[in-house]
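Bear in mind these aren't lab numbers, they're just calculated from the coordinates by the rules spelled out. Quantities reported herein were computed from a predicted structural model and do not represent experimental measurements. With ideal geometry, Cβ positions are generated from the backbone for all residues, glycine too; neighbour counts draw on all protein chains shown.
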């Protein structure tokens, strides 16, 4: 029976837990698996009203650039041909089935507003209630706040514009010229799809190295796994070089887009009315703009002194300086794979072990009383 249920049906649950995981995506589910293996008393709080919401919000035709062989969470292989590239809906279905298969206690409609210290434990505040826990794992992932550059505000109302997180299919785009801003995998995939029905232009701020999705019949990640490159840690010499050259395109490239008629432009630096200006002073009149400009991390709701002067989490492989507070799923948290579906399990196992080391064995919890939200 599924453990996924809305908060409104869970009023009879005890308020305290040994461990609370914030975020029910791939990182939260992966550490949930290992917490269950350690017999911890835990709960996963998910802000959305349905499981795998982050994946369901992406465009309809999205496919992973890793083959199914490298898309599994611990304990459950990704179904189907291991050499195929799963779709958005297949990933969402897999994550939902994963939570159900292992009876992971995911509480939906549970957006956390704040984490604060409460003596030796933590207070996790939601809009209508609060919990206390000795251990908190923040698993909200890298796709938190869509970033749109300020120049977007200068476009006129006649230009339809939105972040790539709102893009679904070519059918939602008006007729006329489309500009995709952003040269990552998302921008390239959307531009290629739109080229079948629209005049498409793409603005790229910096060059990214295109890599083939398959080499000699094998998936690129087979080589990264077998050579150990995907497992190189962030502080090794190779890890530092990989981080410095992380902007890569997998399975896409300028040559492919040009074959589809997509026109390339430099970095978009300004806009006015229906015109976008690029760094070489070229101007382009557009009918619509898709901002494939990525996301920003937002941990402003974590009211614990664990951040540096730039607002970045200070941690060692997800373990912060505040005992009992952990992060998982951050980009390059430990390796290149830390934020990837099929590789987050390594960090999940590590953090679960850290929790078990700090407080071994199934915890002996006193009867808990509900904590009123302030």
Relative contact order (%) - the chain, alpha-carbon pairs under 8 angstrom, separation at least six: 24 percent
Ordering of 61-70, 303-312, 349-358 by packing [mean C-beta count within 10 Å, highest first]: 61-70, 349-358, 303-312
Mean ellipticity per residue at 222 nm, deg cm²/dmol - from DSSP H runs of n ≥ 4 across the chain, formula -39500 (n - 2.57): -5500 deg cm²/dmol
Pairs of alpha carbons in region 93-136 whose separation is greater than 14 Å (percent): 59 percent
Span from the region 176-198 Cα centroid across to the region 38-58 one, whole angstrom: 31 Å
Least to most buried among 269, 91, 314, 137 (fewest other Cβ within 10 Å first): 314, 269, 91, 137
Between 0 and 90°, nearest 10: helix 345-358 axis offset from the chain longest Cα axis: 30 degrees
Most mobile of 118, 53, 348 in a GNM of the chain (Cα contacts under 10 Å): 118
Inter-centroid distance (Cα atoms) of region 108-137 relative to region 257-324, Å: 29 Å
Helix 26-37 vs. the chain, principal-axis angle (Cα, 0 to 90°, nearest 10): 20 degrees
